[in-house]
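Structure first, commentary second.
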Amino acid sequence: MLSTPEQRHDCPVVLVSMPFMEVYRPSIQLGLLKAIGVTSGFPVHTLHANLDFAARIGVEHYRLLTEQRGQQLGDWLFSLAAFGDLAPDPGSYWVDGFARRLATTGRPQAELREWLLRIRNVEVPAYLDSLLDPVLRHKPRLVGFTSTFQQNAASFALARRIKSRYPEITMVFGGANFDGEMGVEHVRAVDVVDVAVIGEGDVAFPMLLDAVAAGADPGSVPGTASRADDGVRRTAPRPLSHKLDELPVPDYDEYFERAERLDLLDRTDRPEIWLPFESARGCWWGEKHHCTFCGLNGTSMRFRSKSAQRVFDELAHQARRYGGFRFAAVDNILDLAYLRTLIPMLLGTDYELFYEVKANLTRAQVRLLAQGGVRRLQPGLESLSSHVLQLMRKGVTAGQNVNLLRWARYYGIHVQWNLLWGFPGETEQDYAEQAAVLPHLVHLQPPEGATRVWLERFSPLFTEPDLMAVRSRAPEATYRAVYPKDVDLDRVAYFFEYTQADQLPDRVYDQLAHAAAQWMEAEPANLTYRSAPGLLQIEDTRPGRAGVYRFEDTIADIYVACSERPLSARAVRDKLRLTTEEPTIQAVFDEFAQRGLMFLDGRRALALALPAVPGR
């Protein structure tokens, strides 16, 4: 290190998370960087300033704003404070459009309009003023902001207020909004950004602190961008860290202290908190086949994971420290090795876990995850058409997606997923077939939304223009309501609007969107079966299909054979050692499918009913 222990001790640091970070979720970025800084000998404090704003405007109102991720409403609310006279919408002409979009929540548009104006013109300035003391009381030499989605303008606004009083404080920005050329352009165009950390900050952050403490140039640190006489200087990053076990455990103490002080949490009752933890980085599937629409892991796709023992120990440490048993992995995909290592280690615990996974899990794997405490999964289903999934490069089939929904329902795991459309090469038939089958699936977990795919920076649809067959592309329109004119929006935007050559008309998706909406609104239903040798009984409570079915002999055996996973007629014939011809078995598949009891994926069939006896 360049600095001495005394210099590090005299270099206080404050790390800030601004709106619109979720309320009931501490920032793992702040927690990890604080632990890294303290381990390196620096006095580091964190400020979850998003909590203050939620307390000021009300948690439900705050949550409504956090959900507007595809448009820049949150950044617009803070843009006047962030850019002053350079802000592009001083007269708040964009407010009507924002209020109109929010009116879909059921509140009157005029009421929403006045509410947004009050937040922008009254609440935001007062809120920013109230944050100066919590930051400046520590007399920081460096203030760092982590920024993802709608956190930029609020972070710039607070940085500007701090700089106006103490211009010598170094302002450092990092997070997903500063990856790649986004970070470079923000340094060039936003004068309060002294340094941007581009990519992972584990190595760069302590080196930045060291440079500031020693009075050296922080812009010389690897993996950063900083302002220079001839523009912006960007340094090459260090290689990605593969030794994740060496990272300290994130420190969330100040999150809980502040949330309790603001009466957002009770000291003994924290039911909504799913404590974030990290067990892996990157995506092992994306390294081989980057899903076409995914903009995650912009400059850090390489997959790395912690050892199972380290993850087990970290969960135990955090459970004791914060008195909670719910944990949400921030990993983009589950390390499959954990099915042999970590998950069996968790069988004797009472944790509730969230993980993102690939959807091709077997019944046995889903059962194991449930036994290990996994209560929520995000499997990235995205479609129930094998053709569309192939266009997405998902590496799974529609039958596998439906089967995951089946076994997740059976083993009591909540599934978070969405239906997407708008992929080059799709056909009208792809969506007609999905719309037709959705009413058969209402006994399973419905999607949380159904929409056209967003065009995200770093996704193959963005980086490979020929793949998307893009006729036109531009930053999402509301960026123009946030940033001054001299900011190159093509370089700072994460979401883009686009038109495709040979794009299907919107009416093609209407039937699927309607079927998805009906599924999301449907009352809970069941589709279960009981079997014995040569006997099958199916009980159906789905709307419009309620009844009991009884099948015997070979027909019953064929159905049960397809209950574990999708099978072809030949595979069923071999499994049951039948003399029946394959076309006859296929005809049985077709009959079951017409009754809504089977899902057909090409020549493969999947029984839709679940075992009536739970937990096996």
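The values are calculated or read from the model by the stated rules, or taken from the named source; none is laboratory data. Predicted model only: the values in this text are computed from it and were never measured. Positions of Cβ are generated from backbone atoms using ideal geometry, with glycine treated the same way; all protein chains shown enter the neighbour counts.
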Residues located in the range 264-274, provided they are in contact with a helix residue (DSSP H, G or I) (Cβ under 7 Å, 6 or more places away or on another chain) and closer than 20 Å to Y62 by Cα:
L264, L265
Give the residues of the range 357-374 that are crowded, with 18+ Cβ neighbours inside 10 Å and not in a loop (DSSP other than H, G, I, E, B), sorted by residue number.
V366, L368, L369, A370, V374
Which one of these does S3 not meet: (1) over 24 Å from the mean Cα position of the chain (by Cα); (2) assigned to a helix (DSSP H, G or I)?
(2)
What number of residues in the range 577-602 are under 29 Å from T541 (Cβ atoms) and part of a helix (DSSP H, G or I)?
10
As an exercise: evaluate D89 against (1) in contact (Cβ under 8 Å) with a residue 40 or more places away in the chain; (2) on the phi < 0 side of the Ramachandran plot; (3) assigned to a helix (DSSP H, G or I) and give the number of the one condition it does not meet.
(3)
Of the residues G74, G70, which is within 29 Å of the chain's Cα centre (by Cα) and at pLDDT below 95?
G70
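Look through the range 233-255, keep the residues that are of a type in the set (A, V, I, L, M, F, W, C) and part of a loop (DSSP other than H, G, I, E, B), and return whichever of them is surrounded by the fewest Cβ atoms within 10 Å (Cβ to Cβ).
A236
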Among the residues of the range 352-404, how many are among the acidic types (D, E) and farther than 24 Å from L504 by Cα?
2
Condition check for I333: assigned to a loop (DSSP other than H, G, I, E, B), crowded, with 20+ Cβ neighbours inside 10 Å, out of contact with any Leu (no Cβ under 7 Å at 6 or more places or on another chain) and modelled with pLDDT of 95 or more
yes
Take A605 and decide whether it is under 24 Å from Q429 (Cβ atoms) and either part of a loop (DSSP other than H, G, I, E, B) or in contact (Cβ under 8 Å) with a residue 24 or more places away in the chain (or both).
yes
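For R507, indicate whether it is in contact with a Phe, Trp or Tyr (Cβ under 9 Å, 6 or more places away or on another chain), outside the structural domain of A607 (by TED's automatic domain parsing) and surrounded by fewer than 17 Cβ atoms within 10 Å (Cβ to Cβ).
no
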